[in-house]
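Presented below is the structure to which this report refers.
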Amino acid sequence: MTELPAHERDKWTEAAKAEFESLKENQTWTLAELPQDRKAIECKRVFKVKYNPDGSVGQYKVHLVAKGFAQQFGIDFSGTSAPVSKYTSLRTTQHYSIQKSTRGVPRWQNSIPNGDLTEKPYMEQPDGFEEKGKEQFVCHLHKSIYGLKQALRAWNEKLILLLWEQGFKQGKAEPCLFTRLKDGQYQYILTFVDDFLMCCQNKDEAKEITPLEPAYLNLEGGKPLESNHIYRETMGKLLYLSTVCRLDILVAVGILCRKTSAPMQYDWNAVKKLGRYLQKTADLKLRILPCDNSKLMGYVDAV
């Protein structure tokens, strides 16, 4: 940080702090002692300025990146493969969007750090952000970060599960293309590395794809609500729904329940967004129909 230009140092420092807090709130790692038979991966920061269309500075972005080249196969990672869409698929999807006057949603913020790791590598604490009194500890990673060899694979696996839960079907010839037929209209999502392009004729459908925006976890500060009574009452109702008949909102409700003691305005906005999601997906339900086979059968997703 000290080598950065003086007139930009404060802005970069704030961006680095925001990135670090975002990773902590996302429970990306826990501090632990390094086992004797393991080696901690080093990390560094990558600085990038994002510009507005008019050429002015829009955002100072800092990413914490692991030095994945030091990872050991079979210990820190196993698989690294993940599908990447073809450029012909990208151009075709963009052409369809233009011809059908559909709308695209170009990016999911902080996508890579949302991937869950099956292996749990160790990484050194970021320089300048070591926890006081635990400087000798290392970060035991539970979720992926930029630079890890398996980062894209972990994110892709989580995204596929999310889209399946929303009723999308994965393409056979193009595994990065997902389709869904809703209300007589086809919706398309094309993933490209950590971005995705969504095409649908209804702009509101694009906003209601998930019950809770991923960027919600990165929000902080804001205006507190005058009273938490309505918030607590609403969360009680949502908690009942999530445990009885709407398991798809269980994680979102669990996150929002953490704020019942002192909710902020953005927490209440997230609750209202969840309500709109429930309204949009009210026609999705589990149907139990009579059949000739009266045998009791069970299904599992793993052996």
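The values are calculated or read from the model by the stated rules, or taken from the named source; none is laboratory data. Being a predicted model, the structure only gives us computed values, none of them experimental. Cβ: placed from backbone, ideal geometry, glycine included. Neighbour counts: every protein chain shown. The area values use the complete protein model at the heavy-atom level, side chains included, leaving out ligands, DNA and RNA. Shrake-Rupley method; radii C 1.70, N 1.55, O 1.52, S 1.80 Å.
What is the extension gain from Asp54 to Asp301, computed as 0.36 nm multiplied by their sequence separation minus the C-alpha to C-alpha distance, in nm to one decimal?
Answer, rounded to one decimal: 83.9 nm.
In percent, how large is the relative contact order of region 2-98, given Cα pairs closer than 8 Å and 6 or more residues apart?
Value for region 2-98: 23 percent.
What accessible area, in Å² to the nearest ten, does a 1.4 Å probe give for Lys149?
Per-residue accessible area (Lys149): approximately 90 Å².
Can you give the FRET efficiency for Val46 and Cys257, using 1/(1 + (r/R0)^6), R0 = 22 Å, r = Cβ-Cβ distance, to the nearest 0.05?
E between Val46 and Cys257, to the nearest 0.05, is 0.05.
Let me make sure I get this right: for region 141-181, a, b and c are the square roots of the gyration tensor eigenvalues over alpha carbons, sorted descending. Under 1.5 in a/c it's rounded, otherwise prolate if a/b > b/c, else oblate. Which is it?
Oblate shape, in that a/c is at least 1.5 and b/c is the bigger or equal ratio.
In percent, what relative contact order does region 47-101 have, based on Cα pairs under 8 Å that are 6 or more apart in sequence?
That works out to 19 percent.
Could you order the peptides 117-124, 55-62 from most to least packed, using the average number of other C-beta atoms within 10 Å per residue?
In descending order of packing, they fall as 117-124, 55-62.
If packing is taken as the average count of other Cβ atoms within 10 Å, what order do 32-41, 246-255 fall into, highest mean first?
246-255, 32-41
Please give every one of the lysines within straight-line cross-link reach of Lys61, meaning a C-alpha to C-alpha distance under 16 Å, and leave out same-chain neighbours fewer than 8 residues apart.
The reachable lysines, counting only those whose Cα sits under 16 Å from Lys61, are Lys11, Lys17, Lys44, Lys48, Lys50.
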